[in-house]
Amino acid sequence: MLRIDNLVKTFDGERRRRHARGSKTDKTEPARVFAVSDISFNVENGELFTLLGPSGCGKTTTLRSIAGLERPDSGTIEVGDRVLFSGGAGRKPVNVPANERGLGMVFQSYAIWPHMSVFDNVAFPLQVKSRNERLGKKQIAERVMRVLDTMELAELADRQATKLSGGQQQRLALARALVIEPPLLLLDEPLSNLDAKLRESLRYELKRLQRDLGITSVYVTHDQTEALVLSTSIAVMKSGDVMQLGRPREIYENPNCRFVAEFIGTSNFIAGNVVSKEGDRYTVNTADGLLVLDAAAAIPIGGDVIVSIRPEAVEVSTGSRAGEVPNEWTGTVTTRAFLGESVDHVVSVGRHEIRARGNPAVSIKPGTEVYLRLDPGKLALVPVD
């Protein structure tokens, strides 16, 4: 459906001084900053593909390049069998204007027209199509009401757009993007302006709509939870590069670098080196003892690694099961925090402080000596950068 090949986009950065050869004066020239640095990925039909990363990582620039709102320096962008952009050495120049790409886009700020009713907001994209593509009034009305019904806004069709709640305005913006029946839907942090409870409910509503309608979508967010809930596939970005691309569970459980492990959820990190390997079973020597874990990695014996341990992979108890299970360490609870659906314990183990997350019924007071058990199947090996 969507194919991105070797996409590059740069912007002018701070100006730097350069001494021109044969001249007694300095010249200044802008330094080029890579917003998107030679990235490639494919989005299959019906997928919700998420670009995830911190501010300034290039995710919105990538989305705007797909939409035609930014002109890349080089690379190709294809939707279906149609080339929307092509540029750079050896490529035939193509740059389809944004208004001719036929893509739907939902912005962070909703961008609804305040002087129009709900119905007119959704009908407008159909009414301004070229004469040979424009539908009749009856067909427009039928399509608009069908989309409004899907968004549960049909009863509000005559209401002024500004008199809707934040969640209703976001659904209106989505309805306006869907009414043109685009081959690809682009969403730029569409839930970030909503309060936490509404944002959570709309995540599941958006996931249901995307699944039921089979809409191929590219979604931009910096919210890790949002990405894990919504996505079919995720590309984690940093400084214009895609650091890891995969399914949500794969990225969460098997991060390929420390940045991904830190950015997706919460992790404990313990440095060590590989002392033995049998198939996928590794033994890692750390400052506080050996750790045994299973990892589909290619790290040689003697290689330096970081063991990434999610808090929910740590079991805390006041009783020992030494000899029955691997990876049992002893430590002392330094602090605890009740989170409602869980309790976090921070346990001091030698040189490390390890966070454990578990059942809220288990709450151990600070100062208590405890035993930590680390499930080998839930630990991840991260190469040292």
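The values are calculated or read from the model by the stated rules, or taken from the named source; none is laboratory data. Please read these numbers as outputs of a predicted model, since none were measured by experiment. Cβ placement follows ideal geometry from the backbone for every residue including glycine, while neighbour counts extend to all protein chains displayed.
Being surrounded by 13 or more Cβ atoms within 10 Å (Cβ to Cβ) and either touching a residue at least 24 places away in the same chain (Cβ under 8 Å) or not in a loop (DSSP other than H, G, I, E, B) (or both) is true of LEU148.
Taken over segment 143-178, the criterion of being under 26 Å from the mean Cα position of the chain (by Cα), under 16 Å from PHE124 (Cα atoms) and aliphatic (A, V, I, L, M) is satisfied by LEU172, ALA173, LEU174, ALA175, ALA177, LEU178. Residues in segment 365-382 that are under 25 Å from LEU290 (Cβ atoms) and assigned to a loop (DSSP other than H, G, I, E, B) were compared, and the one that is modelled with the lowest pLDDT is ASP375. Applying the condition of being touching a residue at least 24 places away in the same chain (Cβ under 8 Å) and in a loop (DSSP other than H, G, I, E, B) to segment 164-180 and asking which residue is surrounded by the most Cβ atoms within 10 Å (Cβ to Cβ) yields VAL179. Taken as a whole, the structure leaves THR76 outside the set of residues that are within 22 Å of MET237 (Cα to Cα), modelled with pLDDT of 95 or more and buried (at least 21 other Cβ atoms within 10 Å of the Cβ). Screening segment 235-340 for strands (runs of 3 or more DSSP E) wholly inside it with 1 or more residues that are under 17 Å from TYR371 (Cα atoms) returns the ranges 268-278, 289-294, 304-309, 314-317, 328-338. Within segment 333-351, residues that are without any contact (Cβ under 8 Å) to a residue 12 or more places away in the chain reach partners that are part of a strand (DSSP E or B) and not hydrophobic (A, V, I, L, M, F, W, C) with beta carbons closer than 6 Å, at six or more positions or on different chains, in the pairs ALA337/ASP344.
Filtered by the rule that a residue be among the β-branched types (Val, Ile, Thr) and within 29 Å of the chain's Cα centre (by Cα), segment 237-295 gives VAL242, ILE251, VAL260, ILE264, THR266, ILE270. The residues in segment 328-385 that are closer than 25 Å to ARG249 by Cα, of a type in the set (D, E, K, R) and exposed (fewer than 13 other Cβ atoms within 10 Å of the Cβ) can be counted, and the count is 2.
Scanning segment 220-255 for residues that are closer than 23 Å to SER37 by Cβ and either crowded, with 22+ Cβ neighbours inside 10 Å or not assigned by TED's automatic domain parsing to the domain that holds LEU206 (or both) turns up VAL220, THR221, ALA227, SER231, ILE234, ALA235, VAL236, MET237, GLY240, VAL242, ILE251, PRO255. Residues in segment 40-63 that are over 17 Å from SER233 (Cα atoms), in a helix (DSSP H, G or I) and of a type outside the set (S, T, N, Q): there are none.
If you go through segment 292-321 and pick out every residue that is on the phi < 0 side of the Ramachandran plot and surrounded by fewer than 11 Cβ atoms within 10 Å (Cβ to Cβ), you end up with 4.
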